[in-house]
Amino acid sequence: MSETVIGLLHPGEMGAAVAGCLTARGLEVGWVPDGRSPVTAGRAAAAGLTGVLAVSELAARAGVILSICPPHAAAECARAVAGSPGGFPGIFVDANAISPTTARQVAAIVEQAGASYVDGGIIGLPPGEQAGATRLYLSGPRAGEVADLFTGTALDARVIDVTPGSVAASAVKMAYAGWTKGTAALLLAVRALARAEAVEDTLLAEWALSQPELAGRSAAAARSAEAKGWRWTGEMTEIAASMAAAGLPDGFHLAAADIFRRTRPGAAGGAADASVDATTEEVLRLILTG
């Protein structure tokens, strides 16, 4: 096992950008091309990743494995690593948008295979040229080792707790996204209500007078829902579970999950020049028709 080899599951937009920070430092980052799309393969190539035949090979070669995938796949990725012959004696970093409860379940899966678990939570857009614009919160006894991998990169890795068993990073992610993405869903819902009751123009006029930023924010929410609603559905469900586990109402984010579930990628045709109005129109139509 080489500590200079990092495994990545999987190179989506965020995962590829995070891995690109590591390859830019001269570290080798491996991934598993089998079953992945040409788009994913393109991202991996652009980030300088090295393809391997299977997750088991990744587990045998890597000292650290990063799991950056949709929330519903977090446990599946952990089981794939844990099921490798010989297990995985390295550091497993789950940087997915999952609840503290799910994070503990993931930790139990990989720790049974011999891994050290580090909890992670990413806030911000995929890291690019602007250093510090994206943060990776980390918790767990070996969180500092993971943070060190990103020294001098565009990703700001911050250790917030080194207590054994800590899932503080996931808790931060849930609380933060509970506001940012939860309010995006709420904006779309209230605008859809106004449209259903034929008062949308009046609402927009009132927003212009008293809340001038909301029209733009609702349009941005529509664009995000079109592109990422399929992924945010699971994230809202995880936030709802976090709320329930803390004795708080979970209905806010179960409703948000339903709003995002009603949208779909390419709602406005997927064209690069699709207008804000066209995207908003179609997303609102999809929300109202269920």
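The values are calculated or read from the model by the stated rules, or taken from the named source; none is laboratory data. Here the structure is a predicted model, which is why all the values come from computation and not from measurement. Glycine gets a Cβ as well: all are built from the backbone with ideal geometry, and neighbour counts include every protein chain shown. Ligands, DNA and RNA are excluded from the accessible area calculation, which covers all protein heavy atoms including side chains. Shrake-Rupley method; radii C 1.70, N 1.55, O 1.52, S 1.80 Å.
Among the residues of the stretch 183-210, the ones that are open to solvent by 80 Å² or more (accessible area, probe 1.4 Å) and assigned to a loop (DSSP other than H, G, I, E, B) come to 2 in all.
Hey, among Ala97, Ala107, Ala80, Ala103, which residue is in contact (Cβ under 8 Å) with a residue 40 or more places away in the chain, part of a helix (DSSP H, G or I) and closer than 22 Å to Thr233 by Cα? Spell out the reasoning first.
Details: Ala97 fails: part of a helix (DSSP H, G or I); Ala107 fails: closer than 22 Å to Thr233 by Cα; Ala80 fails: closer than 22 Å to Thr233 by Cα.
So the residue among Ala97, Ala107, Ala80, Ala103 that is in contact (Cβ under 8 Å) with a residue 40 or more places away in the chain, part of a helix (DSSP H, G or I) and closer than 22 Å to Thr233 by Cα is Ala103.
Annotation note: of Glu213, Glu197, Glu235, Glu145, the sole residue that is under 16 Å from Thr102 (Cβ atoms) and among the charged types (D, E, K, R) is Glu235.
Go through the stretch 132-141 and give me each residue that's assigned to a loop (DSSP other than H, G, I, E, B) and open to solvent by 10 Å² or more (accessible area, probe 1.4 Å). Write out each step before concluding.
Applying the first criterion (assigned to a loop (DSSP other than H, G, I, E, B)) to the stretch 132-141 yields 132-133, 140-141.
Gly132, Ala133, Pro141 - these are the residues of the stretch 132-141 that are assigned to a loop (DSSP other than H, G, I, E, B) and open to solvent by 10 Å² or more (accessible area, probe 1.4 Å).
Selection of first residues in the stretch 171-183 that are more than 14 Å from Ser218 (Cα to Cα) and of second residues that are open to solvent by less than 10 Å² (accessible area, probe 1.4 Å) and among the charged types (D, E, K, R), restricted to Cβ pairs under 8 Å at least 6 apart or on distinct chains, gives the following pairs, ordered by first then second residue: Ala177/Glu235. Consider the stretch 151-176. How many of its residues are more than 18 Å from the chain's Cα centre (by Cα) and buried (at least 22 other Cβ atoms within 10 Å of the Cβ)? Of the residues in the stretch 151-176, 1 are more than 18 Å from the chain's Cα centre (by Cα) and buried (at least 22 other Cβ atoms within 10 Å of the Cβ). Mind listing whichever residues of the stretch 23-45 are farther than 18 Å from Cys77 by Cβ, more than 20 Å from the chain's Cα centre (by Cα) and not hydroxyl-bearing (Ser, Thr, Tyr)? Ala24, Arg25, Gly26, Leu27, Glu28, Pro38, Ala45 - these are the residues of the stretch 23-45 that are farther than 18 Å from Cys77 by Cβ, more than 20 Å from the chain's Cα centre (by Cα) and not hydroxyl-bearing (Ser, Thr, Tyr).
Right, Glu129: acidic (Asp, Glu), closer than 29 Å to Gly229 by Cα, surrounded by fewer than 17 Cβ atoms within 10 Å (Cβ to Cβ) and modelled with pLDDT of 95 or more or not? Even if it seems obvious, please write down each step before you answer.
Details: acidic (Asp, Glu): yes; closer than 29 Å to Gly229 by Cα: yes; surrounded by fewer than 17 Cβ atoms within 10 Å (Cβ to Cβ): yes; modelled with pLDDT of 95 or more: no.
So Glu129 does not fit the description; no.
Does the stretch 84-92 contain any residue that is among the polar types (S, T, N, Q) and out of contact with any Pro (no Cβ under 6 Å at 6 or more places or on another chain)? Can you show your working first?
So in the stretch 84-92, the residues among the polar types (S, T, N, Q) come out as 84.
Okay, now just the ones that are also out of contact with any Pro (no Cβ under 6 Å at 6 or more places or on another chain), so 84.
Yes, the stretch 84-92 contains a residue that is among the polar types (S, T, N, Q) and out of contact with any Pro (no Cβ under 6 Å at 6 or more places or on another chain).
Gly144 meets the conditions (1) open to solvent by 50 Å² or more (accessible area, probe 1.4 Å); (2) in a helix (DSSP H, G or I); (3) among the small types (Gly, Ala, Ser) in every case but one. The failed one is (1).
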